[in-house]
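Student: Below: one structure in structure tokens.
Here, each number is a calculation from the coordinates, and none is a lab measurement. These figures come from a predicted structure and were not determined experimentally. Note that we place each Cβ from the backbone using ideal geometry, even for glycine, and neighbour counts take in every protein chain shown.
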């Protein structure tokens, strides 16, 4: 019966064969999952790891701690820079496009100038990119990152600066706070879509050493533990903006993805679950299709924002 | 060796024999735990369920859902009003004071006038109250609640209005956002201490009915899942204010409590763990004392904010 | 405060086996057996999965105060009861109890009518024992979707239960199934109807799905018979600490299922 | 991408028993046995506790490609390895593998020196097998805090391991303990010192606590001997997706333990 169901969605101009996307930083750049399933034939889109104009080393070790039903990371956008990224992964990612899987390249920066520079380089070097995700919410870098998305004004400035430099769809990755207000500001500056939420800053202290269990004082919490919080923020944001949303946060099952869609998400990214359950995406997609059919719709779009309050 | 260790702390004028407190709404009014341990002889303080000037029915059922390493509730401050509260629990709570356990009465309201009215009634009818906790962060009531604590200005208005009506210590229960900014505003209006965090708003959707799994669209997430987030907010708030803090959020062990203290909490409240592990408080206290001794201090106060960044 | 005596007790599994389709029968050893009353419940911690933090509230079929054992019947419906069904004989954990307010004996002279739907049987079985011990006659209606769900052992025990009972007239135990695969083809209210219209009762006791209890309570009131209902709610604590298990009252406002119930006078409840 | 071949495979437990103080010996049946190379690792999902979402990365002692079995040795240190130690024979779950880059054979002619500390023994054992199969002679230093931690069975196997080896000179297996309760009273570096000063080696292989490997690498370099180290990191995925298991490099920047390692040339690592 799947044949009678349309799963295609439009994430601000990025036409996806189904709503499944991947959260940046939890999926490598796709190739790491080819041994688990055919990425290009399965997903609606992948969002690559954040890349800056120049290479970044990322943060010192340790970068990871386990928490109840969650993990906490402080990778800090380790990346080879746009040139290095395109050189290593460009051919593979172009192949994903040919298979019908959209490729969203994530743009990182420490300053507005760096965001703009990275955008310019991607425009020049990444013809395979279906669109871009501007990460203004990484909690793990000193300058830029979350600071750039902390207020509606700061977020709008980044979006306004990046917008003129690409005609491809621009998604903005939002921090887990004030999503209605910041979402409206980003929409008004021309964002084509919003993705939320990024990890929630947390702290884990080694009570014997009195120091952080990670190299940095704070790090980003992700996983099933934050799913309900993420669904609520997607719902709040959906009430505030008219551009499509990509729901992210602790999605580990078709039911989790369905909650995001009902709350107002057009697309849904699988994040932390990719790490501990790397074959989950095909299963989640099948569960999502089964749910949509049980709901008696012929088009998944009928279920976006269909939560009954 | 416990004899050589001083565990007494001062939460803004509330002198506690040890840092352990209870999170409002997770401990009834103490008497429900007398079958588990001697409350008055064990805890530093208890914080009673939120009470308004007049009785509140609270929210319809269902009020509870289980989440990964967490629960979500939308009780909505069901309470018998100050008169009913004092009549039912006054004698018991006065007995706790005699045993050396401080009693913090929580003040709820839908408006500034209601907060003031409840404060006046408590002043008049509750001589057993060691101090008050003003709840400006309940996510589960339509008017008042979180709305009253959503911005520094709104929070400050409530504090400014309540302050003249009592000379007893006033603690303010904060919502899980902008804790530095709002904390500073509350301190400037005369708050004696701050308690954080209240539950984090979340959503759980029944994907078959498309409706919330609870009677309200959103509800408050609590439990181990939010502990690391709470520790981070306590640390952020501690950097911003000079008044003492009571750390709340997913504390289920002595190590969890120790993290709160290292992050800057003077007192620590046990919340959701009281519900599923009702005998946990004496164990947590013993673990906390053991940790303090392992750290080689003679006074628990030496460890408050001792996190090394 | 009736709840002030709720304590945490150890329990160990003596028996844990399937009793019917989706229904398990267990026997545990625990000190709470000495103090728990008919219609009260326990809140069990099932070890294993730290991601599920809540305990599992369970009513019981029979408590043996001398042997310190309690017989349980439970439906494997969610993750928690599934884990409980996997506990091995000898497995130990803790429970909180005795919780709540149980059944009370009829306030007037006369016979009792017990109506159990699905896994509402355990507390009804406890009520039957309580009545038998008090020498009060009773009839029983037991309903299920289909024959495979019926607890044949318990139904036989209900038929033969005699302890102390003064048999004023022959006991009737009516079994019904929604699909007619066993006994009367119909709902428990159908079985109840012919009994309440042909025999005089001083009290109705019922436990089962909410919609069924609403129908039973309505019929009891129409016949002017007092009715006690044992309600089920998801619970955060089981002893009145969190106010999560609210029950809407006819007079307005809410009671707490774990503290004011689980047994209520049907007239108090807003159906 | 070497990691592109990492797959998820089923495994079933054939053996799972204590081997020494805090150390367990297990044997699992899994298809990955046919493709995993010496020094690579697997990331095991241990079922039971949903609150612990990460898998458990484990190196291995021996893989039998024909029988599709893998022998493991692991220390019960945290909650995950404790749950693993409780898996019963016949228990099934999944693993991700083969992960990372394993040992390579010496690039120059000559003998190898293997230095294992504590639970660093499994990958060292796999290296010994690899060398023996290649006909390369080797000596071994095995160190532990105390005698109770020593894996007597494996040490005997290291002494007798001969498969294909051309015995150019008698193999020496030096056992040491920090407390002197068995063999040489000292650290593995003490045992290594007398060997490396009396015999010529083309390659040192080491696995153990980070501080020990740093000492072994330093001593190897001082003697101009190439050194491979098998590093351990907490891992989010095990196949290069999350970049959480970073290893600081001597040239600056980071490599990923799960993808670029776990085996590194000691000179590449910033000690």
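Student: With no solvent and one equal point scatterer placed on each C-alpha of chain C, evaluate the Debye formula and give log10 I(q)/I(0) for q = 0.08, 0.12, 0.14 Å⁻¹, two decimals.
Tutor: -0.30, -0.70, -0.97
Student: Sticking with this one: Take every Cα pair under 8 Å in segment A:175-297 that's 6+ residues apart, average their separations, divide by the length, and report that relative contact order as a whole percent. Walk me through the intermediate numbers first.
Tutor: Values: 204 pairs, mean separation 29.1, N = 123.
In percent, rounded to a whole number, it is 24.
Student: Also, quick follow-up: Hey, what number do you get for chain A at 222 nm if only DSSP H runs of n ≥ 4 count, each worth -39500 (n - 2.57), divided across all residues, to the nearest 500?
Tutor: On the way: 9 runs with 100 residues, N = 309.
For chain A, the value works out to -10000 deg cm²/dmol.
Student: Assuming 0.890 mPa s and 25 °C, estimate D for chain A with Stokes-Einstein, Rh taken as the Kirkwood radius over Cα pairs, in µm²/s.
Tutor: On the way: Rh = 19.0 Å.
Using the Kirkwood radius from Cα pairs, D works out to 129 µm²/s.
Student: Which percentage, to the nearest 5, of the DSSP beta bridges contained in chain B is antiparallel?
Tutor: Around 40 percent of the beta bridges assigned by DSSP in chain B are antiparallel ones.
Student: OK, next. With the label 7 angstrom out along Cα to Cβ, how close does residue A:180 come to the same site in each of the other copies, in nm, nearest first?
Tutor: 2.5
Student: What's the minimum Cβ distance from chain C to the axis relating it to D, in whole Å, and which residue gives it?
Tutor: In chain C, the Cβ lying nearest the symmetry axis toward D is C:51, 2.
Student: Sticking with this structure for a sec: Grab the Cα-Cα distance for residue A:295 and residue A:123, subtract it from 0.36 nm times how many residues apart they are, and report the gain in nm with one decimal. Don't skip to the end; give the middle numbers.
Tutor: Numbers: separation 172, 0.36 × 172 = 61.92 nm, distance 4.10 nm.
Between residue A:295 and residue A:123, full extension yields an extra 57.8 nm.
Student: Same structure again: Please list the equivalent ellipsoid semi-axes of segment A:147-306, computed as the square roots of five times the alpha-carbon gyration tensor eigenvalues, in descending order and whole angstrom.
Tutor: Values: eigenvalues 144, 118, 32 Å².
Whole-Å semi-axes of the equivalent ellipsoid: 27, 24, 13.
Student: Counting C-alpha atoms alone, how compact is segment C:1-55: give Rg to one decimal and Dmax as a whole number, in angstrom.
Tutor: Using the Cα atoms of segment C:1-55, the pair Rg, Dmax is 13.4, 40 Å.
Student: Restricting to bridges with both residues inside the protein assembly as shown, how much of the DSSP beta-bridge set is antiparallel, in percent to the nearest 5?
Tutor: Details: 106 of 204 bridges.
Counting DSSP beta bridges with both partners in the protein assembly as shown, the antiparallel share is about 50 percent.
Student: Restricting to Cα pairs below 8 Å that are 6+ residues apart, what does the relative contact order work out to for segment C:7-99? Please round to a whole percent.
Tutor: Details: 204 pairs, mean separation 39.4, N = 93.
It comes to 42 percent, rounded to a whole number.
Student: Please work out, to two decimal places, the log10 of the ratio I(q)/I(0) at q = 0.04, 0.06, 0.07, 0.09 Å⁻¹ from a Debye calculation in which every Cα of the protein assembly as shown carries one identical scatterer.
Tutor: The Debye formula, applied to the Cα set alone, gives -0.24, -0.55, -0.75, -1.18.
Student: Please report Rg (one decimal) and Dmax (integer) in Å for the Cα set of segment D:112-230.
Tutor: In order Rg, Dmax, the Cα atoms of segment D:112-230 give 12.9, 36 Å.
Student: On to the next question. At q = 0.14 Å⁻¹, what is the base-10 log of I(q)/I(0) for segment C:181-250 according to the Debye formula with one equal point scatterer per Cα and no solvent? Please give it to two decimals.
Tutor: -0.54
Student: How far apart, in nm, are the 7 Å Cα→Cβ label points at residue D:179 and residue A:10?
Tutor: Inter-label distance under the simple model: 7.3 nm.
Student: If you restrict to DSSP beta bridges whose two residues both lie in chain C, what percentage is antiparallel, to the nearest 5? Walk me through the intermediate numbers first.
Tutor: Working: 37 of 60 bridges.
Of all bridge pairs located within chain C, approximately 60 percent are antiparallel.
Student: At residue A:167, label 7 Å along Cα→Cβ: distances to the other copies, nm, ascending?
Tutor: 7.5
Student: Same structure, new question: Would you work out the relative contact order for chain C, in percent, from Cα pairs under 8 angstrom that are 6 or more residues apart?
Tutor: Values: 629 pairs, mean separation 49.9, N = 271.
Worked out over chain C, it gives 18 percent.
Student: Give or take rounding to whole Å, what are the principal axis extents of the alpha carbon atoms in segment C:7-99, in descending order?
Tutor: Over segment C:7-99, Cα extents along the principal axes are 32, 28, 24 Å.
Student: From the label point of residue C:172, set 7 Å from Cα along Cα→Cβ, how far away are the matching label points in the other copies, in nm, ordered shortest to longest?
Tutor: Counterpart label points of residue C:172 in the remaining copies fall at 9.7 nm.
Student: Follow-up. Taking a label point 7 Å from the Cα of residue C:214 along the Cα→Cβ vector, which residues of segment C:228-271 have an amide N closer than 12 Å to it?
Tutor: Backbone N within reach: C:270-271.
Student: Okay, moving on. Round to the nearest 10 and give me the degree value, 0 to 90, for the angle of helix D:210-222's Cα axis relative to the longest principal axis of chain D.
Tutor: Compared with the principal axis, the helix lies near 30 degrees.
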